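Structure first, then comments.
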Amino acid sequence: MPMLTSTKKYGLTPEEKAFYDDGGYLLAKAVFTRAEAALLREEAHQIARRLQANQTAGVVNQGWGAGAKVTELPRQLLHCHNVQFHSAILARLLTDPRLTDRAADIIGPNIQLHHTKMFIKPPEKGAPFPMHQDVPYFPHQHHSMIAAIIHFDDAPIEKGCVRVVPGSFKLGPLDHLKDGGHHLSTTEYPVAECTPCPAEAGDVLFFSYLTIHGSGLNESAEARTTLLVQMRDPEDLPIVKTHLSRGQGAMLRGVDPLANHGPGVDSAKRLEVAP
Ligand SMILES: O=C(O)CCC(=O)C(=O)O
C-alpha cells in the first residue's frame, strides 16, 4: 500500500465492532508487532530518562492522590504528556492507519487528536488509578471521545493492567469525587473487582470516555509502559474550556470539516459551547 492514502485497510472485524458497541471497550490484539512495541518501549523509556536528567518537574510522581484509596503501598508513576513533541517515531505512531482505521470504526472517518499521555508504571510500585470516566476531565457535546491505550510491553493483571466496567458508558456522565483526581467511590467500584484487560505488547485497548475504567498497582518485577491517545470527531465540540494541550486539534485521519471556521481559527481554541 502506498504510504499516503485515505483508503481504509485496517478496520475492526464485525465481531470486534459488535463487542465495542455493546461494552464500550475493545482490546484489539497485535495491532503492532512485538518488535515495533519493543522499539516504542525503548523510545518511551529514553524520553523518561531524558526528562529525569533534565530534572523536569512532575515526570516522576505518585499518580493521583486518590491512588492511596486503592493501595497503602508506595506508588510511583513516570509520566509525559504530548510525546509527539519528544520523538518522531511516536508522532508517526499517532497517524498509523493500523491505529486510526480501527478508531474510525468507532468515531467516524475524521479523527482529531485531543492529547497523548505516556505512562511508565515502575516495577513493584506502579501507581494505580481508581475507577473513573474520562468525561469529567474534558466533556464534549456528542461524547465521541475515545482513548486508545497502546501497550509497549506486556500488561498482565499483576502489572496493573487497565480494568473496565463493561457497558458502563450507557450510564452517561456520572458525578465523580474530586479529591486527588476525578474518581468514583472505591467502595462502589473496587478496582480489583472490575473486568481486567490483560494485554500483550502491541495490543491496543480502545474505550469510550464514558466507560468506567481504572487500573491496579504494578506489583510485578517489570515496568508497564503505555501510550494513551485521546481522540475525537473534530465536529464534536468541547462544552467546557479545559484540558488544552500542545498539538490538540491535529488531524490523525480524514479531514477537519470545521477547520478555520467559527470563533477560533486554531482548532485548539475552538472551544466555545456548541450552538
Ligand atoms: O493507564 C492506566 O493504568 C489507566 C490510565 C487512566 O485511567 C487514565 O489516564 O485515565
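We did not get these values from a lab; they are worked out from the coordinates using the rules stated. Worth saying up front: this structure is predicted, and the values here are computed from it rather than measured. Virtual Cβ from ideal backbone geometry, glycine too; neighbours counted across all protein chains shown.
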**Request:** Kindly identify region 188-228 as rounded, prolate or oblate by the Cα gyration tensor criterion: order the square roots of the eigenvalues as a ≥ b ≥ c, call it rounded if a/c is under 1.5, otherwise compare a/b with b/c, prolate if a/b is larger, else oblate.
**Result:** oblate
**Fill in**
Ranked by GNM mean-square fluctuation in the chain (Cα springs under 10 Å), the top entry among SER215, SER245, SER144 is SER245
**Message:** List the residues, sorted by chain then number, that are 5 or more residues from ILE212 or on another chain and whose placed amide H is less than 5 Å from its amide H.
**Reply:** VAL165, SER168, PHE169
**Protection proxy ranking of 77-90, 101-114 - average other beta-carbon atoms within 10 Å, highest first** = 101-114, 77-90
**Prompt:** Between region 195-230 and region 9-24, what's the alpha-carbon centroid distance in Å?
**Reply:** 18 Å
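Report the FRET efficiency, 1/(1 + (r/R0)^6), for VAL255 and GLU219, where r is their Cβ-Cβ distance and R0 is 35 Å, rounded to 0.05. Can you show the working numbers first?
Working: r = 45 Å, r/R0 = 1.28.
With a Förster radius of 35 Å, E is 0.20.
Based on the Kirkwood radius over alpha-carbon pairs, what value in µm²/s does the Stokes-Einstein equation return for the translational diffusion coefficient of region 28-101 at 4 °C and 1.567 mPa s?
On the way: Rh = 14.3 Å.
For these conditions, the coefficient is 90 µm²/s.
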**Item:** Cα-centre dipole for region 14-234 with unit charges at Cβ (Lys and Arg positive, Asp and Glu negative), debye to 20
**Value:** 580 debye
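If you average over every viewing direction, what projected area does the convex hull of the Cα atoms of the chain give, in nm²? Walk me through the intermediate numbers first.
Working: hull surface 57.0 nm².
Projected area, direction-averaged: 14.3 nm².
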**Asked** By count of other Cβ within 10 Å, fewest leading, how are HIS132, HIS143 ordered?
**Response** HIS143, HIS132
**Prompt:** Most fluctuating residue of TYR25, TYR209, TYR137 in a GNM of the chain with Cα springs under 10 Å: which is it?
**Reply:** TYR137
**Asked** Quick one: if you take sqrt(5λ) for each eigenvalue of the C-alpha gyration tensor of region 147-237, what semi-axes come out, biggest first, whole angstrom?
**Response** 22, 18, 11
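So which GluC sites (Glu not before Pro) in region 63-169 are both in a DSSP loop and have at most 15 other Cβ atoms within 10 Å of their Cβ? Kindly include the intermediate steps, with their values, before the conclusion.
On the way: sites: GLU72, GLU124, GLU158; in loops: GLU72, GLU124.
Qualifying residues, ordered by number: GLU72, GLU124.
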